[in-house]
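Below is one structure, written out as structure tokens, with a few remarks after it.
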Amino acid sequence: MTVPPVLLKGDDLFEDDSALDPYENTRDLSKYLLMHYGDVDDVFDRPHHPLAGAHGYPRRLSALLELCALRAGLRVRRALDVGCSVGGVSHALGGWVESSVTGIDVSPRSIDVAQTLGRHGCGTFHVVQQGPYAREVHIRVPEAGEGRAEVAFEVGDACDLGGVGRAARDLDAVVLSNVLDRVADPAQCLRQFTDSDDHLRPGGLLMVACPWSWYPAYSAPERWLGSSGDRTPSEEAVKQLLGGAFDLLTESDEGAVLRQNPREYDYFEAHVTVWRKR
């Protein structure tokens, strides 16, 4: 039996790596691995947990985009998952996209974890329990093969998709999940799709999922969507930015949860819109 690779070392959960970017330190990567791939029993330590309905966020985003593609009669051959983190949405897309899915993220460590998991199809990591104690979690991703798209990962900047090359051109679908409030210039990120057909072809689908949790550490307040002084909510500001080049297909709120420990969870609701490019 093949020994699954260790994606994150359990002892590293308790090292002081607070000086690292939140998307590079071990404890935060452990939380994202659990949110992206963990079973409901891995996330919640007791049955019928009140937050259990928020489980499976990456798969729910993928299913919503697939439904929009079916309703629009659109074949999605190539898709891009921007700000993919450890890759859960990318692998979920791989179950129905026809040819290829590429996940990009600015965090080299997140991409390394995603690539290792994809290469081996499984892996182990640890999650914090209480105090200095941790618990091992074993996760799997679907095997590559007939009926599944090829899924690949690479380091890339969400605001400069031209630097990604062929993987970010002539796409049928793009997912921007929990990324717009974590880039320096969110409007510029969106203008890559409104001002050019280089990345997303006419007729293609764009999904924007974001809790709009703005922090000066990621972008200057004057660049936050809806910060023009008229108190426009971010939900409306993104519609104003995209409405000239896209048609809105659906809008919803999707809950998700990041586990801190068995008694502490971070819950958020992403505002989710799916658009079709004219």
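Rule-based calculations on the coordinates, nothing more; no lab input. Keep in mind it's a predicted model, so treat the numbers as computed, not measured. We place every Cβ from the backbone using ideal geometry, glycine too, and count neighbours over all the protein chains shown.
Residue-wise HN-Hα couplings along the stretch 244-259, as the Karplus relation 6.51 cos²θ - 1.76 cosθ + 1.60 with θ = phi - 60° gives them from phi, are x, 10, 10, 10, 6, 9, 7, 9, 7, 10, 10, x, 8, 9, 10, 7 Hz; Gly and Pro carry x. Computed from backbone phi, the HN-Hα couplings of the stretch 46-63 come to 8, x, 6, 5, x, 9, 4, x, 8, 6, x, 3, x, 5, 5, 4, 4, 5 Hz, rounded to whole numbers (Karplus: 6.51 cos²θ - 1.76 cosθ + 1.60, θ = phi - 60°; Gly and Pro given as x). Working note: Cα atoms of the chain, range along each principal axis, descending, whole Å: 52, 48, 37.
Remark: relative contact order (the chain) = 19 percent; criterion is Cα-Cα distance under 8 angstrom and separation of 6 or more residues.
Considering only the stretch 10-277, what is the antiparallel percent among its DSSP beta bridges, to the nearest 5? Taking every DSSP beta bridge with both residues in the stretch 10-277, the antiparallel ones total about 55 percent. Close amide H contacts of Leu225 (hydrogens built in the peptide plane, cut-off under 5 Å, sequence separation of 5 or more or a different chain): none are found.
Between Gln129 and Ser99, what FRET efficiency comes out of the Förster formula 1/(1 + (r/R0)^6) with R0 = 35 Å and r the beta carbon distance, rounded to 0.05? Each step should come with its number before you reach the end.
On the way: r = 42 Å, r/R0 = 1.19.
Efficiency, rounded to the nearest 0.05: 0.25.
Can you give the extra length, in nm with one decimal, that the chain gains between Ser196 and Thr250 once fully stretched, where that is 0.36 nm per residue apart less the Cα-Cα distance? Don't jump to the answer; show the numbers that get you there.
Values: separation 54, 0.36 × 54 = 19.44 nm, distance 2.27 nm.
Computed gain between Ser196 and Thr250 is 17.2 nm.
Segment Leu67..Ala220, full-extension length gain: 51.5 nm, with 0.36 nm per residue of separation and the alpha-carbon distance subtracted.
How would you rank 108-115, 138-145, highest first, on the average number of other Cβ atoms within 10 Å across their residues? Show your work: numbers first, answer last.
Working: 108-115: 20.1, 138-145: 13.8.
The peptides rank, most packed first, as 108-115, 138-145.
Positive end of the dipole of the stretch 10-277 (Cβ unit charges, origin at the Cα centre): among Gly95, Val151, Ser227, the Cα lying farthest that way belongs to Gly95. Taking the fewest neighbouring Cβ atoms within 10 Å as the starting point, the ordered list for Val137, Val175 is Val137, Val175. Would you please state which residues of the stretch 71-95 a label at Ser213 would reach in this model, taking the label point 7 Å out along Cα→Cβ and a backbone N cut-off of under 17 Å? Residues 83-86 fall inside that zone. Tell me, what is the percent relative contact order of the stretch 27-138, built from C-alpha pairs under 8 Å that lie six or more residues apart? The value is 24 percent.
Counting beta carbons within 10 Å around each of Lys239, Lys31, Lys9 and listing the fewest first gives the order Lys9, Lys239, Lys31. Placing R0 at 25 angstrom, the Cβ-Cβ distance between Asp12 and His48 gives a FRET efficiency of 0.15 after rounding to 0.05.
Want the number for Asp230 to Gln115: 0.36 nm per residue separation, take away the alpha-carbon distance, what's left? Working shown, then result.
Numbers: separation 115, 0.36 × 115 = 41.40 nm, distance 4.34 nm.
Extending this stretch completely gives an extra 37.1 nm.
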